[in-house]
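Please read the structure below before turning to the comments.
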Amino acid sequence: MVIRPSRSFFSITASVFILMISIHASAAHGSGVVTPEDMLSVRSCRDATICPCGEWIAYLVQIQRTACEEAGSAYSELHLVSTKTGEHRPFITGKVNISSPRFSPDGSKIAFITARGKNAKRQVWMIPVDGGEAVQVTSPATGVSSFRWHPSGDRIAYRSKAVSYTHLTL
């Protein structure tokens, strides 16, 4: 009988690993005194998820806005790390707010929620794990609050205020 760890075990392990890297990096400057600049430079990791094949972990890096920027929530970037080689790929970075990263059932794509553009609503976008440009895959006028992949990988179900549940063939 083979006992396999659950997906939640991998998610927790990935989160702890990423947290340890963040703590190590923040302690590296070594002064021991936390300054306001230190607080603004703190990056935290959240929403880690492992691909079905177990080779990649996708996670979000939360970055505080600087005092010079327009008020708003922290930025949230999408990053990947290889469980085999430790290779780190900053995937979608900059002044973005990514949420809910989810691997496709075959592990070839990552879907996530973001709003691109000044007055844009939050929609589901998809990008190949091998890289490339993200493509918007939903467009309800009220935006998307959550989504899930269909087990076949050719559809997603999403939730929006205007429509309780629907699906989209990809």
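Computed extension gain for Ala74 through Arg46, at 0.36 nm per residue and net of the alpha carbon distance, reaches 8.8 nm.
Note on Glu87 and Ser139: the extension gain reaches 15.4 nm, defined as 0.36 nm multiplied by sequence separation minus the Cα-Cα distance.
In loop segments of segment 40-124 as defined by DSSP, the GluC sites (Glu not before Pro) with at most 12 further C-beta atoms inside 10 Å of their C-beta are Glu69, Glu70, Glu87. Computed over neighbours whose Cβ is under 11 Å from that of Thr142, the net charge equals +4, Lys and Arg +1, Asp and Glu -1.
The figure for Phe91 is an accessible area of roughly 40 square angstrom, using a 1.4 Å probe on the protein chains alone.
Report note on the peptides 105-111, 119-125: ranked by the mean count of other C-beta atoms within 10 Å, highest first, their order is 105-111, 119-125.
The values are calculated or read from the model by the stated rules, or taken from the named source; none is laboratory data. As the structure is a computational prediction, the values presented were derived from the model and not from experiment. No Cβ is skipped: glycine too gets one built from the backbone with ideal geometry, and neighbour counts run over all protein chains shown. When the accessible area is computed, the model is the full protein with side chains, heavy atoms only, and any ligands, DNA or RNA have been set aside. Shrake-Rupley method; radii C 1.70, N 1.55, O 1.52, S 1.80 Å.
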